[in-house]
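To keep things clear, I will list the structure first and then write my remarks on it.
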Amino acid sequence: MRNLQSCTLLAAALFAGTLACTLNVHAQGAPQSITERRTDVVQLASGYRASKLTGADVFNKNKDTIGTVDDLIVSPGGDRSTYAILSVGGFLGMGKHLVAVPFNDLQITNRRVVLPEATKKSLEALPEFKYAD
């Protein structure tokens, strides 16, 4: 009951415009602290949805199609870097070569994903990315 009241107070505080609020909860008997922070939803809404990027063609600076976005992955490390998994080569999903490139290397303008200096050959030369089981 106390956690329910705390959650209600947290929701009321966030709704009222409080910038940050800390809630102490017990998960499986171990105390944990959860901190909520205000997010600029207007700015966030202008970001890139992973569901819209998946399947997008990737071009180089010469406007050559060099691959497609297969997936986006957030690294498990402390830095939480994001990587784009690109599918290069192959035909109709057969013989494709997956590679990982830092998401920050991609340029997205006018709904077009660009990896400026890359070519199909340079991407195919990268180590193949394989999903963990």
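The values are calculated or read from the model by the stated rules, or taken from the named source; none is laboratory data. Since we're looking at a predicted model, the values are computed, not measured. As a convention, Cβ positions derive from the backbone with ideal geometry for all residues, glycine included, and neighbour counts pool all protein chains shown.
The table for this structure:
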quantity: Residue within segment 71-85 that is under 24 Å from Ala125 (Cβ atoms) and over 12 Å from the mean Cα position of the chain (by Cα) present; calculated: no
quantity: Residues satisfying the stated conditions in segment 44-59, i.e. surrounded by fewer than 10 Cβ atoms within 10 Å (Cβ to Cβ) and part of a helix (DSSP H, G or I); calculated: Leu44, Ala45, Ser51
quantity: Residue ranges of strands (runs of 3 or more DSSP E) in segment 60-133 with at least 3 members surrounded by 14 or more Cβ atoms within 10 Å (Cβ to Cβ) and touching a strand residue (DSSP E or B) at 6+ places or on another chain (Cβ under 7 Å); calculated: 65-74, 82-88, 97-102
quantity: Hits in segment 28-79 (condition: touching a helix residue (DSSP H, G or I) at 6+ places or on another chain (Cβ under 7 Å) and among the hydrophobic types (A, V, I, L, M, F, W, C)); calculated: Ile66, Val69, Leu72
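Okay, residues lined up against (1) at pLDDT below 90; (2) under 19 Å from Arg112 (Cβ atoms); (3) in contact with a Ser or Thr (Cβ under 9 Å, 6 or more places away or on another chain):
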residue	(1), (2), (3)
Thr35	yes, no, yes
Val42	yes, no, no
Leu53	no, yes, no
Phe59	no, yes, yes
Asp70	no, yes, yes
Gly93	yes, no, yes
Lys96	yes, no, yes
